[in-house]
Amino acid sequence: MIEKLSKYSGKEDSFEMFHQASLCTMEVILQCAFSGGEMSEQTKNEYVEAVKRIGILLVERNFNPLYVLFTAIYNLSPGGREFLRLCDFVHYTGGSIIKRRRQELERDPEILAEKKRLDFIDILLMARDEDGRGLTDLEIREEVDTFLFAGHDTTASTLSWALYSLAQHPHHQDKVREEVDQLLAGREEDTIQWEDLHKLPYLTMCLKEAMRLHSPVPFISRTVTEDTVIDGVHIPEGSYIGIHLYALHHNPDIWGDQHMEFDPNRFHPDRMKDMDSHAFIPFSAGQRNCIGQNFALNEEKVILARLLHKFTFDLDPARPVEKDMTVVMKTRDGMWMKVKSTGQTAD
Ligand code: HEM
């Protein structure tokens, strides 16, 4: 990503941050969970675009009761046909990663013995129940799809919105950069090490505040499994309810009247200790909360630290950013940014 952004350094041309961030986070999840699962740049581009469109189509479907109630009718509509075509492509891509890894393991079963730790795809392929039965191809593919989607789109959104807020507020951006520069001062390489992750408190506060302000997953939904009363309202068993994380993160009773302002100090440890544990839940909470939470936060810290060490980020004033609340918080017409090199050369 650094290499790609370097081409724009100091130029008048702006670039679309969401796309660059998605390519980067896609590569990260492939490297970390899928044994480096190779994917050509073109497939990566197509995959990222397909997931983006699927998110938009899913939300659009909800605005037509006919499409919500009758899947067969939706499937015949132009949106439904596009949705099915894109799902086929996404499934095919996930399937290809599994097939390739299966073949590698069949060819050379010793690869696993040489690995220090099995990654996600190896665990799925090797899993056996007490009767020695493994997961079916479909079961494995469904897990792979969830991880590929959940593991890249959310992190790309978080990264983009964090950089957006930092570009809007140069003094916060400078403060984060000072913190990173101090951490890396005197080192030959500017890679972030495991033990560095807790030495970036201001960056972490900015990251959390960006996740509050922009809520990368703006809403989740649940089916109520038993009759429930919330604030005096009876919700019958079987109801489908939406839980609006974006609204929760903008509740003036909790965040004050300035809830639309980017204020990283809200997440100062002294202030956080009095906060209700459910006031800020960008990863959801309870039984089905995000299993990638720690991974995601660490990934964001590493990428942000390295990018801010190398570049200053500005928004392109000619291309205003407008939110688009799909399954993941996106923008209507992209997030166009400009970068300038900070002059740091080590890598
Ligand atoms: C900043 C990035 C991320 C955010 C904001 C985020 C947010 C969430 C949220 C809100 C949920 C709950 C969805 C629901 O209740 O319907 C969830 C679930 C999940 N996330 Fe994440 N996530 C992020 C990164 C990741 C990463 C990197 C991975 C994988 C490595 C991942 C894997 C999952 C999985 C597998 C689930 C489903 C868990 C279950 O249903 O039991 N997420 N995520």
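With a length cut of 15 Å (Cα positions projected on each helix's long axis) and a Kyte-Doolittle mean of at least 0.5, go through the chain and give me the DSSP H helices that pass.
17-33
Tell me which aspartates and glutamates have Cα within less than 12 Å of LYS338's Cα, excluding those fewer than 8 residues away on the same chain?
GLU12, ASP13, GLU16, ASP314, ASP316
What is the sum of charges around GLN293, taking Lys and Arg as +1, Asp and Glu as -1, for the other residues whose C-beta is under 14 Å from the C-beta of GLN293?
+1
Do any trypsin sites (Lys or Arg not before Pro) in the stretch 115-184 lie in a loop, going by DSSP, with at most 11 other beta-carbon atoms within 10 Å of their beta carbon, and if so which? Walk me through the numbers before you get to the answer.
Working: sites: LYS115, LYS116, ARG117, ARG128, ARG133, ARG141, LYS175, ARG177; in loops: LYS115, LYS116, ARG117, ARG133.
The qualifying sites are LYS115, LYS116, ARG117, ARG133.
Considering only HIS234, HIS198, HIS259, give the residue with the highest GNM mean-square fluctuation for the chain, with springs between Cα atoms whenever their separation is below 10 Å.
So, out of HIS234, HIS198, HIS259, the one fluctuating most is HIS234.
Find the centroid of the Cα atoms in the stretch 1-74 and in the stretch 157-228, then give the distance between the two in whole Å.
20
Name the most mobile residue of TYR164, TYR74, TYR240, meaning the one with the largest mean-square fluctuation, in a Gaussian network model of the chain with Cα contacts below 10 Å.
With Cα springs under 10 Å in the chain, the top fluctuation among TYR164, TYR74, TYR240 is at TYR240.
With a sphere of radius 11 Å drawn around the Cβ of VAL48, what net charge do the other residues whose Cβ falls strictly inside it have (Lys, Arg +1; Asp, Glu -1)?
Combined, the nearby Lys, Arg, Asp and Glu give -2.
Whenever you get a sec, compute what percent of the accessible area on the chain sits on carbon and sulfur atoms (1.4 Å probe).
Roughly 53 percent of what the probe reaches on the chain is carbon or sulfur.
Taking the Cα centre of the stretch 43-162 as origin, work out the dipole magnitude from +1 charges on Lys and Arg Cβ and -1 charges on Asp and Glu Cβ, in debye rounded to 20.
That gives a dipole near 380 debye.
Looking at the chain, which longest stretch skips every one of the GluC sites (Glu not before Pro) that is in a DSSP loop with at most 16 other Cβ atoms within 10 Å, leaving the sites themselves out?
On the way: sites that count: GLU12, GLU38, GLU130, GLU188, GLU189, GLU226, GLU237, GLU261, GLU322.
In short, 39-129.
Would you mind telling me which residue in PHE70, PHE295, PHE280 has the biggest mean-square fluctuation in a Gaussian network model of the chain, where springs connect alpha carbons within a distance under 10 angstrom?
Residue with maximal mean-square fluctuation among PHE70, PHE295, PHE280: PHE70.
In debye, nearest 20, what is the charge dipole magnitude of the chain about its Cα centre with +1 on Lys and Arg Cβ and -1 on Asp and Glu Cβ, if you could check?
It comes to approximately 520 debye.
Which entries of LYS175/LYS330; LYS52/LYS208; LYS44/LYS323; LYS44/LYS99; LYS310/LYS340 show an alpha-carbon separation above 19 angstrom in the structure shown?
Pairs exceeding the cut-off: LYS175/LYS330; LYS52/LYS208; LYS44/LYS323.
Say the dipole of the stretch 232-286 comes from +1 at the beta carbon of Lys and Arg and -1 at that of Asp and Glu; which of TYR246, ALA285, MET275 then lies farthest toward its positive end?
Farthest towards the positive pole: ALA285.
How much accessible area per residue does the chain have, in Å², with a 1.4 Å probe?
55
For the chain, what does the relative contact order come out to in percent, with C-alpha contacts under 8 Å and a separation of six or more?
This gives 25 percent for the chain.
The values are calculated or read from the model by the stated rules, or taken from the named source; none is laboratory data. Small disclaimer: the values here were computed from a predicted structure and weren't measured. As a convention, Cβ positions derive from the backbone with ideal geometry for all residues, glycine included, and neighbour counts pool all protein chains shown. Accessible surface is based on the protein model in full, side chains and every heavy atom, while ligands, DNA and RNA are left aside. Shrake-Rupley method; radii C 1.70, N 1.55, O 1.52, S 1.80 Å.
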